[in-house]
Amino acid sequence: MITLNRRNLVWLIPVLIIVTFPVWQLPVSSFLAPRGLEEESSIESGPQKEHDFVMQKVLITQNQAGQTTAEIRARQAYTSDKPDEFVLVDIDSDLFDEQGDMVNVKADSGIYNTQTRHLILNKNVVVNRASQQQKLFTDLLHYYDDKRIIDSPVATRMVAEGAEIKGSSLRYDIVTGQYLVGGRVYCILETE
């Protein structure tokens with residue numbers, strides 16, 4: 001027979017709390033939960049929508065000081081979750097330098113921000129600078145219209161007449177015509 005003395009009661013109270021936890025846990029946790037968070041989050045988020053509209057055969061023209069700096073063409077564009085962004089599909093764009101030389105850029109998909117004029121291109125990105133007989137291949141490319149810079153933070157391969165250059169990143173300044181290849185750089189030069 002078990003006698004209930006003070007020492008046994010000290011052990012019995014925590015055991016009873018642990019055993020009865022499933023019974024009292026839900027009412028106590030709902031009582032202690034902060035109020036008003038559910039209402040505020042539902043008001044702020046509003047109705048969820050995938051996108052507002054889809055456009056076919058899109059042309060975006062960028063200008064600086066009255067001169068066309070870029071023409072971005074896409075087979076399809078639709079709005080994204082962010083209000084100033086469009087998701088582009090099958091992109092074929094032309095970027096122009098100060099002398100009017102054109103750099104053609106193609107990609108499978110991309111995102112264009114209308115406020116920052118920032119274009120992000122994804123998947124099978126090919127940059128073709130026909131005047132210099134140069135081609136660049138990568139899977140991710142950023143174009144900043146305000147700075148006139150092409151930036152690829154991932155592995156790139158550039159092919160030119162008599163040269164092939166591979167790097168883990170690449171930055172190209174359209175105004176100055178300078179390239180910056182980062183990471184481990186592999187270069188193959190053919191001499192005549």
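The values are calculated or read from the model by the stated rules, or taken from the named source; none is laboratory data. Model, not experiment: these values are computed from the prediction. Positions of Cβ are generated from backbone atoms using ideal geometry, with glycine treated the same way; all protein chains shown enter the neighbour counts. The accessibility values were calculated without ligands, DNA or RNA, using every heavy atom of the protein model including side chains. Shrake-Rupley method; radii C 1.70, N 1.55, O 1.52, S 1.80 Å.
Just checking, does the range 126-137 include any residue being open to solvent by less than 50 Å² (accessible area, probe 1.4 Å), touching a residue at least 12 places away in the same chain (Cβ under 8 Å) and either at positive phi or not in a strand (DSSP E or B) (or both)?
For the range 126-137, residues open to solvent by less than 50 Å² (accessible area, probe 1.4 Å), touching a residue at least 12 places away in the same chain (Cβ under 8 Å) and either at positive phi or not in a strand (DSSP E or B) (or both): absent.
Which one of these is modelled with pLDDT of 75 or more and closer than 30 Å to Ile111 by Cβ: Val15, Val28, Val58, Val19?
Residue meeting the stated conditions: Val58.
Filter the range 61-105 down to residues that are within 17 Å of Gly177 (Cβ to Cβ) and among the hydrophobic types (A, V, I, L, M, F, W, C) and give me whichever is most open to solvent (accessible area, probe 1.4 Å).
Result: Met102.
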